[in-house]
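Accompanying notes for the structure given below.
The values are calculated or read from the model by the stated rules, or taken from the named source; none is laboratory data. Keep in mind that what you see is a predicted model, and the values were worked out from it rather than measured. Because the Cβ atoms are built from the backbone with ideal geometry, glycine has one as well, and the counts that use them run over all protein chains shown.
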Amino acid sequence: MASINPFPIRIGIIGESAPGKEVEVRILIGHPMETGFRIGINGTDKIPKNIIEKMVVKVNQDILFMADVGTGIAANPLLQFFVTIPANGGVISVEWFDDQGVSRKAEKELMSPRS
């Protein structure tokens, strides 16, 4: 069996980071997303269920979208979407909660400050 996964979140911004411009956001979440139906390496015991139940994506603390997630999403899910950068720039954040009581949060600036 694999070692304990710290469930990292990686956020990537693709495109021109300028006010009013649309950029692609890619969020990769490290999570096993075990359904509870797979059999373990010993061939008899089931691997316990462990799934993300909810995700919240925000731009500058305003909710962009929330998703109720379940067993229909793959392990290490990748989310891709487009967002228009606000006039003053800002931060995109993603937070998830799983059925084991674990949650993780990550943030990334949408636009680097200019000097």
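Yes or no, residue by residue, for (1) at pLDDT 95 or above; (2) in contact with a Lys or Arg (Cβ under 8 Å, 6 or more places away or on another chain); (3) closer than 20 Å to residue 96 by Cβ; (4) among the hydrophobic types (A, V, I, L, M, F, W, C):
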position	(1), (2), (3), (4)
19	no, no, no, no
27	yes, yes, yes, yes
32	no, no, yes, no
36	no, yes, yes, no
43	no, no, no, no
47	no, yes, yes, yes
58	yes, no, yes, no
63	yes, no, yes, yes
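Look at the range 62-115 and say how many of its residues are farther than 18 Å from residue 30 by Cα and not hydrophobic (A, V, I, L, M, F, W, C).
11
Out of 82, 97, report the one residue that is more than 27 Å from residue 21 (Cα to Cα) and in contact (Cβ under 8 Å) with a residue 24 or more places away in the chain.
Only one candidate passes the filter, namely 97.
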